[in-house]
Each structure stands twice: as C-alpha cells, then as structure tokens.
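First up is the structure itself, then whatever we jot down about it.
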Amino acid sequence: MSKQPILEINNLHAGVENKKILKGFSLTINAGEVHALMGLNGSGKSTLAAILAGRDGYEVTEGSVKYFGKDLLELDPEERAREGLFLAFQYPVEIPGVNSTYFLKAALNEIRKHHGLQELDAIEFLNLVKDKIKLLDLNEDLLKRSVNEGFSGGEKKRAEIFQMAVLEPKLAILDETDSGLDIDALKIVSSGVNKLKRPDSAQLVITHYQRLLNYIIPDFVHVMADGRIVKSGGKELALELEANGYEAILKG
Amino acid sequence: MSTATETIESLVKQEYKYGFVTDVESESTPPGLSEETIRFISAKKNEPTWLTDWRIKAFRYWQKMPEPTWQFVKYPPIDFQDISYFSQPKPNANAPKSLDEVDPKLLETYEKLGIPLRERSRLAGVAVDAIFDSVSVGTTYREELAKKGIIFCSFSEAVHQHPDLVKKYLGSVVPYTDNYYAALNSAVFTDGSFCYIPKGVRCPMELSTYFRINAAKSGQFERTLIVADDGASVSYLEGCTAPMRDENQLHAAVVELVALDHAQIKYSTVQNWYPGDENGVGGIYNFVTKRGLCKGKGAHITWTQVETGSAITWKYPSCVLLGEGSKGEFYSVAVVNNMQQADTGTKMIHIGKNTTSTIVSKGISAGRGQNSYRGLVEIRKSAENARNFSQCDSMLIGAKCGAHTFPYIEVKNTTASVEHEASTSKIGEDQIFYCNARGIETQDAVNMIVNGFCKEVFKELPMEFAVEAQKLLGVSLEGSVG
C-alpha cells in the first residue's frame, strides 16, 4: 500500500507586506512520518508554521498547499484545527480567567462536532484527560489553572503537548517547542511527542538546534535557508549539521 | 488594517433585542418641570403632605444647583423642560386586584423580556416588582414573603401602608442635597420598590425589580429603598431595558440601602438599557445615585453590577461604613461598545473601626466606546484599622476605544491599609488566533476571553443571573472582534 500524503506543499511563495519570506518551498509529508525542519533564524521556519495554521497577515503569491488533497489555504484557521491540523505554539499565549480544562473541552468538542460525533460531557472529558495526563507525566494541577496563565516557559510547552495528546491531530506542527527548555523538560516533551506518534498521523518538528533530535527521531531532516529547503536527508543530516554547522551545508 | 481587527470590530455589532415598544394607551403629563408638575405627581399618588413638602424642598434646592461638569462623559445639554415626568399605562376603570388582572399587553411585555409575572409561569425563587415607565404594575410572591414579615411592594404603596418606615429612612442615605440628579429624583420620583426585612429574617428568595421604559419623551425617576434590620439578610437584583428610540431618554434613579447590626444586603444589577445605535443616536442616559449605609456593627453590603447598556452610564454604587467591623464590597463589569460612554466606580467611606472594603472593577471597551473607572477610598480619622483592597482592570477591544482610571484615595488614619492594583490589556489577536488554532471560532473566542476577564465579578452574581450576564456580555460584544 502506498503511503497516504497528508501535507503537500508545492513551490510556496509567501511573505508579509512586500517582504518575501518563503521562496519556492516544497515538502510532502506522508502518514506515519516525522519530519524535522531545521534552519537559522530568519530562514522562514516560523512563517511556514504560521501560514499552515492560518494566521492572518501573510500573503501567498504563488504555489499550493494541499492537506489530505484539499486546498488548505482556503480554510479558516478553526476549520484547519477541526480537520486535525495542530500547531504547538512557540509562544503560547495566556488567557486569564479561562480554565484550562474548560478551554480544552471546548476545543475537543468543536473537533468532535465537526466530525459528527457527540460532544463529551464534563465527566467523560475528565476521564479522558486523566489518562493523557498520566501518559505525559504531568501535574494535574495544570488543569485547574487558567490557560497558560503564570506558567513557566517549560510548563507552557508541556501544556501544548498535552493539548496535542487530547486533540489527537492528524498533522502536528511543533514550532520550536524545544526553545527555552532545560534538558529535563526537553526529555518530557520529547517522550510525549514520541508516545503520540501513530501510523495514520504525521509530525513536522521545527527546530533550530539538533539537540531535540536526540530525543525525537525523525524519518527525514530538511535544512531551510532563505525561504526554501536547500538540503534533505535522513536523521544523519542533523548530526552532520551539528558537527559542521549551517555554513558548511549551505556552501556545500 | 488586518482582517483580524476588522472582525473584532464587526463582532461588536449586534441588534438590541429588547427594543420593541408596547402598544398600550398611556397617560402622560405634557413635558415640563415646575412646582406644579411635582404637586401633580404627588397628588396623583395621593401622597401625605410631608412627602409633597419634601419633594418641593428638593426641587427648590435643585433649581439652585449647577449642573455637574467633572464627569468624563460628553452629551448635549439636557432640556429638563422637554421631558415628561409622569407616564403610566391607562388604568382600567377598576384597578387590578391581582396580577392576573393586569393588562395582558403589559404581562406580555414582561414575558417577552423573560420576566413572566403570571402565577403559573413565574420565575421560581424570585419575587419581582415590575416597574413600567412611572408606575409599578405588579409584585409577585408578596403573600409568601409577608408570612415571614418581609415587606416587598412598590414605593407608592409603601408610602401609604408603611409611612413610618418610609419617613424614617427616605433620604437618610442619599439626602436630596447630595447631588444634582439625586435632588432632581427626590423632586419628581414616581415609583420604585420598597423592601424591609425584619430582625433575624433571612429572605428565602431573591427579590428583584425589573425596570422598563416604554413611553417616548419620558424620563424614568424611581427610588428604591431597602432596609435590612438586625441580623436580616437579603439578595436583590434589578434589571432594565428600554425600546429603541432616536431620542435620548433620562433615567435618574436613587437607590438607598440601610443595613443594621449584622445585616447583609447583596444588591446586583444587570443593566441593559437601550445603548443607542452604532452612530450614537438615541439610548438611555443612566445617571443614578446608589448608596448603602452599613449603619450597624458587622453590617455587610455588596454591590455587584453588570453594565452593558445605556448611551451613558454614570454612577457610583457606594458604601458608607459607619458600623464597627462593617464591610463594603463592589464588583463591577462595565462594557462600552460603539459610541457608549461610562464613568462608573464606587466610593467606600470608612468611618467605623475595623471596617473593610473590596473593589473589583472590570472595564471593557470596544468600538469607539469610552470607559472610565472612578473610585474613592476614604479613611476617616475615626476608622481605626480600616482596610481596603482595590483592583481595576481594563480591557480594550479594537483600536478606537478608550479606558481611563481615576482613583482617589484619602487616608486620615495611619493604621489604615489601602491597596490599589490596576491593569490595562488589549484583547489580543494572538489570544484569538490561539483559540482559532484550537478549533474555536472568533466570536466564541472573544466571549471566552472576555468572560475569563470578568470571572471574579460574575461569581458574585446569583447563579441564574450569572448565566444571564455571560450571555448578555456575549450579545453586547457581538461584532466587536477579530
């Protein structure tokens, strides 16, 4: 059986207000795969994540993005989320006074409604959440607090992965989830991500450093520079990058 | 401008649901204000001489007062001669003996507003006094309350049936000399609610007054007086709506609360007067004086207000903390959208020893609305060990609105402890996008974020009304965000 493509990005050109950021970016991600996208700051990694999730303010001038064969760019951000696309934010925002459990229940029920499933009530939801909490080894206290309010950097990132565990996306995009994490937090986040890997879903892990890839083993590694992929390979590419630096790869 | 901001702004635009007019024959005085008008109102209500005299004194005092100008709201000069000061639905030849005999059109009006008055469909656990223009059309659950000795009736009835109580407490918290609109109200007030909870009685149900302005060109000037005797407790709620009209209408009410030894009064307001249209045409001027006196030891008064309506909201529900160890609280959510303006807050006057007060104010500004918090914390010399905590948070939705804070703190006793915290935040496109990226659409996201912001206030409202208030907030801000 040939692999099912989840995401097909073809020759994508995009930017903000006359500034081109993506210049012919192409990438195909199939079910069951984990892709790592690496690159220097300013290479366009986070722009790509923002465009895929549907953030306002970016203009696509050329190219296409297909998600399960459909034009992704036509969909509103909430529709993308309901269709199983998940962005773990680099800087998750705080929403004071909105309980984390309430927020996540609302999110999950939007997805369920979209797929014609019955919404979960509070008790069903809590049972589900407790299982996931155990899976990720998180503190239950997190659920009682407001969304990201007063969380440390590490807690915010863990909360993102926890949301991912509950929402069970088809395509998870992790935007520099490793930034600002100490090594222990990095291990917890990575093991969570590894546990959530499934044959019918895929992950795009965006990172600046190789160290995350010691814990999340990618099937493919791509190096991005000036708005497009300049080199692709297996996990050994990440090690090569670590050993020789971006310079060498970009020149070579 | 990004589409996100456009969405934020389009979200605040939502039709006012209660803008209908009841087609009922009414009897109104022609516009105009003079001693004659006042004597007319007083005669219409068959009032005792002492009350007529009190009104006249108030009127003469008012005539000498300058109109205040310190408030941070703008409006064209009000022509007090262009207002009709008395309007009532034409009574049947025989006055209704029970609520079920009230003009069906009026009952229907209240049903449409979600306040059924008929015996069969009444709100469970809530006694309602329904005020329509200048008069009370009926009060539910009176007999049940009377069994506990609780008096709950229209102000006009109280004047006749409980003159001693009215005489003793009327103007005792807000004298007619207090301010311009309180003086005007004292001269021309037409009706309102009266409530007395006797010693040691806990009122078994919520009491509520529902104000409705219907007639054009009329003002509504009502007075509410609530007295909780020693050890008594009561929770009281008022709601207000009005038809959509192009003209501005004045609502200048006075509310007085008196709490004796260890009495507790919780007064909640969900104010949804017609706010005017998106260009600021029409809407109610809500200029109200509300004050509670913690007269006895350990008395406790809580004001909770959710102010979403009115073209202009200008009021400061306050507490005078006279009794030793008495406690005042003020929880407020004020929303301005489109061209609405609000200058609201509270005054906490600490006079007795060991008195405490808490202020939590949440201001939300959207559209081109201007929202001001103005609050006074006064610790008098006699107030040993007084404590106050104030928290004022403002949230801005969109780029054309404003939020302002005017805190006043006067401390004359060195043992006092006064804390003030303030914050201003902008509802972030980031916050909304974060919700969108989790499958939650923008309108729901805004509701969620705003409700989260107001949580501390909503938890002070009686359960059923907290749900109502959340919905109301959603409606008020519909069309405001992105």
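Values quoted throughout were computed directly from the atomic coordinates according to the rules given, and no laboratory measurement underlies them. Fair warning: this is a prediction, and the values are worked out from it, not measured in the lab. Virtual Cβ from ideal backbone geometry, glycine too; neighbours counted across all protein chains shown.
Quick look at the values:
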{"item": "FRET efficiency, A:GLU62 to A:THR28 (Cβ-Cβ, R0 22 Å, nearest 0.05)", "result": "0.80"}
{"item": "Inter-chain Cβ neighbour average for residues B:445-456, partner chain, 10 Å", "result": "4"}
{"item": "Residue-span extension gain [B:ALA146 to B:LYS199] - 0.36 nm each, minus C-alpha spacing", "result": "17.7 nm"}
{"item": "B:VAL418 long-range amide H proximity, modeled H, under 5 Å", "result": "B:ASN388"}
{"item": "Reachable lysines, given that their alpha-carbon falls under 27 Å from the alpha-carbon of A:LYS23 and they are not under 8 places away in the same chain", "result": "A:LYS45, A:LYS66, A:LYS70, A:LYS170, A:LYS231, A:LYS235, A:LYS251"}
{"item": "Neighbour-count order for A:THR61, B:THR69, fewest beta carbons within 10 angstrom listed first", "result": "B:THR69, A:THR61"}
{"item": "A:HIS115/A:ASP137 FRET efficiency (R0 30 Å; Cβ-Cβ; nearest 0.05)", "result": "0.55"}
{"item": "Unit charges at the beta carbon, dipole of chain A: most positive-side option, A:PHE103, A:ILE161, A:LEU213", "result": "A:LEU213"}
{"item": "Hz values of 3J(HN,Hα) by residue in region B:143-151 - Karplus curve (6.51, -1.76, 1.60), Gly and Pro given as x", "result": "5, 4, 5, 4, 4, 8, x, 7, 9"}
{"item": "Positive-pole candidate from B:GLY428, A:GLY57, B:PHE86, dipole of the protein assembly as shown, charges at beta carbon", "result": "B:PHE86"}
{"item": "Long-range amide H partners of B:ILE83 with built H, under 5 Å", "result": "B:GLY32"}
{"item": "Total charge dipole magnitude, the protein assembly as shown, about the Cα centre, Cβ charges on Lys, Arg, Asp, Glu only, Debye to nearest 20", "result": "1280 debye"}
{"item": "For A:46-53, mean number of other protein chain Cβ atoms within 10 Å", "result": "1"}
{"item": "Lysine pairs in region B:296-393 with Cα atoms under 20 Å, if 8 or more residues apart or on separate chains", "result": "12"}
{"item": "Helical mean residue ellipticity (222 nm; -39500 (n - 2.57) per DSSP H run of 4+; nearest 500) of chain A", "result": "-11500 deg cm²/dmol"}
{"item": "Long-range amide H partners of A:ILE21 with built H, under 5 Å", "result": "A:ALA14, A:GLY15, A:VAL16"}
{"item": "Lysines with Cα under 21 Å of B:LYS147, excluding same-chain neighbours fewer than 8 positions away", "result": "B:LYS97, B:LYS199"}
{"item": "Cβ-derived FRET efficiency at R0 41 Å, A:TYR91 paired with A:ILE217, nearest 0.05", "result": "0.95"}
{"item": "Distance between modelled label sites at A:LYS231 and B:ARG39, nm, 7 Å Cα→Cβ extension", "result": "10.2 nm"}
